[in-house]
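Here is the structure we will look at, set down as structure tokens.
The values are calculated or read from the model by the stated rules, or taken from the named source; none is laboratory data. Here the structure is a predicted model, which means the values were calculated and not measured. Positions of Cβ are backbone-derived with ideal geometry, glycine not excepted, and every protein chain shown enters the neighbour counts.
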Amino acid sequence: MNTIVMKFGGTSVADTDKIKNIVKIVSKEVKKNKIIVVLSAMAGETDKLQKYLDDFKSQNSIESDLVLTSGEQVSIGLLSIALKKEGINSLPLLGWQVPIITDDNHEKAKILKIDNKRINKFFENNDVIVLAGFQGINVNGNITSLGRGGSDTTAVAIASAVEAERCDIYTDVEGVYTTDPNIEKNAKKISKMSYEEMLEMSSTGAKVLHTRSVELAMKNNLILQVLSSLTKKSGTFIVDENELIEKEIVSGVSYSKNEAKVTISGILDKPGISAKIFSLMSENNINVDMIVQNISQDGILANITFTINQKDYNLTKSVLENNNNELDYKSLSLDKNVAKISVIGMGMMSQSGVAEKMFKTLAKNAINILAISTSEIKISVLIDKKYTNIAVKSLHEVYNL
Ligand code: ADP
Ligand code: ASP
Ligand code: MG
């Protein structure tokens, strides 16, 4: 018998009727396959838990992960009850029971190991394992979480560990679209795309898949399908680049409103200064994305701008303030009113003019560019957050998506 992994997101477990709908989907596969269902918390639950933590300013701690991961305990319990009511033998499991072993970076833990011998043991008496997504346990025995949206990564990691035949990610849209279908109604479903394109889309804000889930799927050559739990239509397959016959120049537009812009002004323009700033960031586990340095006219002082995840706003501020003795800058400003807009496509590697089109379109809409970064298959710009929708819509149109 093959094993298949089916992951259901928050909207697919939002209420007991939706949970009963999952029972229907699972029951179609249960006779032919061993099934691991990975679940998120019920829609809105993790946000609610996050708000409690925000009230206490609790972050990246044993306690914050204990609270954040509690929503999945409820959803797996409820689905297992619903499966058993239909005569399906199921076993609900929390991350530590597998165990899914992670490092100890609370709220952004990485999976280190999954013991698949125990999974096989669990299947001796059960047909379906219902696994809590988003969580693991570190070597000190504390519960960790994988970062918001991390259940996708749980699904891919477990699918890789058991060499599953398929990993289906059920969500509230019918697949991966040319841009977020919730902000552009003309967005089109993509039937097949490469890991690389999906990786760029996720990492630039398309939350339909957790970035690390795509990385892991690519590493293990695991085909992913993103599809809806509410319709029966086929979704989007994420596959190796070689399986794509036609490579689109631009295949999608994504946006992220989770960025914050950090500007350090009046810092000495001398060798080693960037190294100092960015080693402080990495020592504190703060991911830096776009970086722009302006050299002053006198050649003595410079300004450095970079972007971080909004979650790291307070930490970044205090790290930079506490180190001003050493850095010796004139002023520091942090701004959450920014958004990153990206265009992505494999064909960009061999085609010129994509950036020009992007910048001209933004200019036509009077949108100022605050920072730019590029990769072989992606161009990203930082803009004022209030222009997010107009930027996404106009770029979607100009590239004929
Ligand atoms: P789940 O709870 O199932 O994990 P998420 O909310 O994490 O679902 O991801 C699905 C959402 O991702 C969609 O509702 C959609 O708004 C958003 N999204 C952003 N970009 C895209 C895209 N390019 N294609 C599809 N969905 C996208
Ligand atoms: N419940 C978690 C979250 O909302 C994990 C997930 O949904 O993937 O971030
Ligand atoms: Mg998600």
- Scan segment 123-139 residue by residue and report those that are crowded, with 24+ Cβ neighbours inside 10 Å and touching a residue at least 60 places away in the same chain (Cβ under 8 Å). Val128, Ile129, Val130, Leu131, Ala132, Gly133, Phe134, Gln135
- Task: Return the pairs, sorted by first residue and then second, in which the second residue is among the aliphatic types (A, V, I, L, M), the first residue lies in segment 292-303 and is in contact (Cβ under 8 Å) with a residue 60 or more places away in the chain, the beta carbons are less than 9 Å apart, and the residues are 6+ apart or on different chains.
- Result: Val292/Ile304; Val292/Leu370; Val292/Ala371; Val292/Ile372; Val292/Leu382
- Note on the structure: Result of the Cβ filter at 9 Å on segment 3-18, keeping first residues that are of a type in the set (D, E, K, R) and partners that are more than 16 Å from ligand 2 (Cβ to nearest atom), at least 6 apart or interchain, is Lys18/Leu230
- Ile369: passes all of (1) among the aliphatic types (A, V, I, L, M); (2) within 30 Å of Ser282 (Cβ to Cβ); (3) not in a loop (DSSP other than H, G, I, E, B) but (3)
- Message: I want to confirm something. Restricting to segment 35-54 and keeping residues that are within 16 Å of ligand 3 (Cβ to nearest atom) and among the hydrophobic types (A, V, I, L, M, F, W, C), which single residue is farthest from Asn2 (Cα to Cα)?
- Response: Leu49
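Looking only at segment 162-173, how many residues end up being of a type outside the set (A, V, I, L, M) and either within 16 Å of ligand 2 (Cβ to nearest atom) or buried (at least 18 other Cβ atoms within 10 Å of the Cβ) (or both)? Break it down into steps so the answer makes sense when it comes.
Taking segment 162-173 first, the residues of a type outside the set (A, V, I, L, M) are 163, 165-168, 170-172.
Among the residues that remain, those that are also either within 16 Å of ligand 2 (Cβ to nearest atom) or buried (at least 18 other Cβ atoms within 10 Å of the Cβ) (or both) are: 167-168, 170-172.
Residues flagged as of a type outside the set (A, V, I, L, M) and either within 16 Å of ligand 2 (Cβ to nearest atom) or buried (at least 18 other Cβ atoms within 10 Å of the Cβ) (or both) within segment 162-173 amount to 5.
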- Query: (1) within 21 Å of Val392 (Cβ to Cβ); (2) crowded, with 20+ Cβ neighbours inside 10 Å; (3) of a type outside the set (A, V, I, L, M): which one isn't true of Lys188, the others all being true?
  - Reply: (2)
- Just need a number here: residues in segment 277-312 that are at pLDDT 95 or above, under 20 Å from Leu370 (Cβ atoms) and part of a helix (DSSP H, G or I). 3
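I want to confirm something. Restricting to segment 364-401 and keeping residues that are closer than 22 Å to Gln293 by Cβ and of a type outside the set (A, V, I, L, M, F, W, C), which single residue is surrounded by the fewest Cβ atoms within 10 Å (Cβ to Cβ)?
Out of the qualifying residues, it is Asn368.
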- Message: Criterion first (touching a Gly at 6+ places or on another chain (Cβ under 7 Å) and not small (Gly, Ala, Ser)) does Thr153 satisfy it?
- Response: no
- Query: Within segment 331-363, restricting attention to residues that are charged (D, E, K, R) and either at positive phi or not in a helix (DSSP H, G or I) (or both), which residue is surrounded by the most Cβ atoms within 10 Å (Cβ to Cβ)?
  - Reply: Lys340
- Item | Positions within segment 124-161 being more than 16 Å from ligand 2 (Cβ to nearest atom), within 25 Å of Asn2 (Cβ to Cβ) and at pLDDT 95 or above, in sequence order | Asn126, Asp127, Val128, Ile129, Ser160, Ala161
- Message: Would you confirm, using the coordinates I've provided, whether Gly175 is closer than 19 Å to Leu66 by Cα and either within 15 Å of ligand 1 (Cβ to nearest atom) or part of a strand (DSSP E or B) (or both)?
- Response: no
- Message: Just to be sure I understand the filter: pairs with C-beta atoms under 7 Å, separated by 6 or more residues or on different chains, first member in segment 204-219 and in contact (Cβ under 8 Å) with a residue 24 or more places away in the chain and under 13 Å from Cys167 (Cβ atoms), second member part of a loop (DSSP other than H, G, I, E, B) and within 11 Å of ligand 3 (Cβ to nearest atom). Which pairs pass?
- Response: His210/Gly149; His210/Gly150
- Counted residues, segment 178-210 - those being more than 15 Å from ligand 3 (Cβ to nearest atom) and either acidic (Asp, Glu) or not in a strand (DSSP E or B) (or both): 16
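Scan segment 24-56 residue by residue and report those that are of a type in the set (A, V, I, L, M, F, W, C) and free of Cβ contacts under 8 Å to residues at least 12 places away in the same chain.
Answer for segment 24-56, where residues must be of a type in the set (A, V, I, L, M, F, W, C) and free of Cβ contacts under 8 Å to residues at least 12 places away in the same chain: just Phe56.
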- Message: So for segment 85-95 (the condition being within 30 Å of Asp312 (Cβ to Cβ) and either of a type in the set (A, V, I, L, M, F, W, C) or surrounded by 18 or more Cβ atoms within 10 Å (Cβ to Cβ) (or both)), does at least one residue qualify?
- Response: yes
- Message: Would you confirm whether or not segment 192-202 contains a residue that is more than 16 Å from ligand 2 (Cβ to nearest atom) and farther than 27 Å from Lys108 by Cβ?
- Response: yes
- Note on the structure: Over segment 189-212, the set of residues among the charged types (D, E, K, R) and either in contact with a strand residue (DSSP E or B) (Cβ under 6 Å, 6 or more places away or on another chain) or under 18 Å from Arg148 (Cβ atoms) (or both) is Lys189, Lys192, Glu197, Glu200, Lys207, Arg212
- Query: Conditions: (1) farther than 18 Å from Glu248 by Cβ; (2) within 14 Å of ligand 1 (Cβ to nearest atom); (3) buried (at least 21 other Cβ atoms within 10 Å of the Cβ). Ile158 meets all but one. Number of the miss?
  - Reply: (2)
- Message: Of the residues Glu63, Glu72, Glu86, only one is acidic (Asp, Glu), within 16 Å of ligand 1 (Cβ to nearest atom) and at pLDDT 95 or above; which?
- Response: Glu72
